[in-house]
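Below is one structure, written out as structure tokens; comments come after it.
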Amino acid sequence: DAMVIQNPRYQVTQFGKPVTLSCSQTLNHNVMYWYQQKSSQAPKLLFHYYDKDFNNEADTPDNFQSRRPNTSFCFLDIRSPGLGDAAMYLCATSRGLADPYNEQFFGPGTRLTVL
Amino acid sequence: QQQVKQSPQSLIVQKGGIPIINCAYENTAFDYFPWYQQFPGKGPALLIAIRPDVSEKKEGRFTISFNKSAKQFSLHIMDSQPGDSATYFCAATSNTGNQFYFGTGTSLTVIP
């Protein structure tokens, strides 16, 4: 089945130790998103790619970076994780403006713990 | 600034009841309004969505009511079941961008 896959599902890192989260998709969608979701809160958009075009949210800390080497893969790099970065990180995809319904599909998320 | 406002924050209903979750928006450019259901430890899953050219959409036990003039939309869950217990997010997007704006979520508990 076509889907959005995130690895790992659970990630434990130490304070200040760089970590990379991975997302892949078999939907061939143009847009890939990274969201941060803390407990009992709505997903917060960090950035998104439309093809290779990177779009950063104004309030996304510089500590968060992203790479999209090809259509299928997108990575979230946290350069120096702090305790406040512990959260669920959600990857999502959509066809983008080419799709009048622009349906968004989410992966299962990666739960990040910072010790 | 919260682009989409959602209420209530939490909701408890008896099995068979009809929980209603409300959302409101300001940006008239929004033209697609999805609802997501999220279970603990899982990513959100699209439940149902509506465009502003219709006032109501039904899919199974889930109905969206849309009031374009009031810039409000709501989710109704008919004959609610304990398995519907989850967090529900409304969202909005427009055809001028790829961003989705989420409401703050409603935690629904359906008591058997």
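All of the numbers you see were taken from the coordinates with simple rules; none came from a lab. Fair warning: this is a prediction, and the values are worked out from it, not measured in the lab. Positions of Cβ are generated from backbone atoms using ideal geometry, with glycine treated the same way; all protein chains shown enter the neighbour counts.
Whole Å is fine, so just give me how far the alpha carbon centre of region A:1-44 lies from that of region B:15-67.
Using only Cα atoms, the two centres lie 24 Å from each other.
Once you place label points 7 Å from the Cα toward the Cβ at B:His76 and A:Arg111, how far apart are they in nm?
Result: 3.7 nm between the two label points.
Place a point 7 Å from the Cα of B:Gln3 along the Cα-to-Cβ direction; which residues of region B:51-77 have their backbone N under 20 Å from it?
Residues B:51-53, B:66-75 qualify, since their backbone N sits under 20 Å from the label point.
Top mean-square fluctuation among A:Asp51, A:Asp59, A:Asp85, Gaussian network model of chain A, C-alpha springs under 10 Å?
With Cα springs under 10 Å in chain A, the top fluctuation among A:Asp51, A:Asp59, A:Asp85 is at A:Asp59.
Consider all pairwise Cα distances in region A:4-108 and report the whole-number % of them above 25 Å.
Numbers: 821 of 5460 pairs.
Of the Cα pairs, 15 percent sit more than 25 Å apart.
Counting each pair of different Cα atoms once, what's the Kirkwood radius of the protein assembly as shown in Å, rounded to one decimal? Let's see the in-between values first.
Values: mean 1/r = 0.0552 Å⁻¹.
When all Cα pairs of the protein assembly as shown are included, the Kirkwood radius is 18.1 Å.
Order A:21-27, A:36-42 from most to least packed using the mean count of other Cβ atoms within 10 Å.
Those peptides, ordered most packed to least, come out A:21-27, A:36-42.
What pairs in B:Lys5/B:Lys68; A:Lys44/B:Lys57; A:Lys44/B:Lys42; B:Lys42/B:Lys68; A:Lys38/B:Lys5; A:Lys44/B:Lys5 have C-alpha atoms more than 21 Å from each other? Numbers along the way, then the final one.
Details: B:Lys5/B:Lys68 15 Å; A:Lys44/B:Lys57 27 Å; A:Lys44/B:Lys42 16 Å; B:Lys42/B:Lys68 32 Å; A:Lys38/B:Lys5 18 Å; A:Lys44/B:Lys5 14 Å.
Result: A:Lys44/B:Lys57; B:Lys42/B:Lys68 exceed 21 Å.
Across peptide B:89-102, how many C-beta atoms of other chains are within 10 Å of each residue C-beta, on average?
For peptide B:89-102, the averaged partner shielding equals 5.
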